[in-house]
1. What number, rounded to the nearest 500 deg cm²/dmol, is the helix-based mean residue ellipticity at 222 nm of the chain, given -39500 (n - 2.57) per DSSP H run of at least four residues and division by all its residues?
2. Loop-only trypsin sites (Lys or Arg not before Pro) in region 86-131, please: DSSP not H, G, I, E or B, and at most 13 other Cβ atoms within 10 Å.
3. Summing +1 for each Lys or Arg and -1 for each Asp or Glu, what net charge is found among the other residues whose Cβ lies under 15 Å from the Cβ of residue 45?
4. Each residue of region 52-59 in order: what ³J(HN,Hα) in whole Hz does its phi give by Karplus 6.51 cos²θ - 1.76 cosθ + 1.60, θ = phi - 60°, with x for Gly and Pro?
5. Can you list the HN-Hα couplings for region 127-139, worked out from phi with the Karplus curve (6.51, -1.76, 1.60; θ = phi - 60°), rounded to whole Hz and with x for Gly and Pro?
6. What does DSSP give for the chain in terms of the percent of beta bridges that are antiparallel, rounded to the nearest 5?
7. Which order do the peptides 130-140, 66-76 come out in when sorted by mean C-beta neighbours inside 10 angstrom, highest first?
8. Quick one: Debye curve from the C-alpha atoms of the chain, no solvent, what's log10 I(q)/I(0) at q = 0.09, 0.10, 0.20 Å⁻¹?
Amino acid sequence: MAHIHEKIDFVIVVYIVFEDKVLMVLHKKLKKWLPIGGHIELDENPEEALFREVKEECGLEIELLSQKPEQLDDITRPLYPPAFMDMHKTSDTHHHIGMIYFAKAKSSEVKHKEDEHDGIRWFTESELDDPQYDVLKNVKFYAKEAFRRTR
């Protein structure tokens, strides 16, 4: 999706773990291994964006590692809180506020969204540190935290 605002957008990011491996996609434009994620569209909340992006980008069913209360009234809708939030620069004039979630996959059967990604694969924890993959420092941090929280 195109940027909603010229200076800043909200995005979701989800680190999905299955049997001690974390799912990453090779971003077509950035040429970097990244977790599943994307922009929160104007007509959706972060939770809706998260489940939409997971379905679109890898087709997995997931169990989100977050808790929310039941809906108590007709005014307030509880949402799953992110485990972390960050702000990252995407260009000299644009930033993203990232809502970072962790999840467990119910299987390892993924689909490859070839129009957005040059690859999709499950990484072991040691592969995250392998120089051939050139995984960004912040991505390694969150991926390793996802491993820690799913063990």
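Where a number appears in this text, it was derived from the coordinates with a stated rule and is not lab data. If you're wondering where the values come from, they're calculated on a predicted model, not measured in any experiment. Every residue, glycine as well, gets a Cβ built from its backbone with ideal geometry; the counts of neighbours run over all protein chains shown.
1. Rounded to the nearest 500, the figure is -6000 deg cm²/dmol.
2. 106, 111
3. -4
4. Couplings: 5, 4, 4, 5, 5, 8, 9, x Hz.
5. My calculation for region 127-139 gives 5, 4, 8, 6, x, 5, 8, 6, 6, 4, 4, 5, 5 Hz in order.
6. The answer is about 70 percent antiparallel.
7. Those peptides, ordered most packed to least, come out 130-140, 66-76.
8. -0.28, -0.34, -1.38
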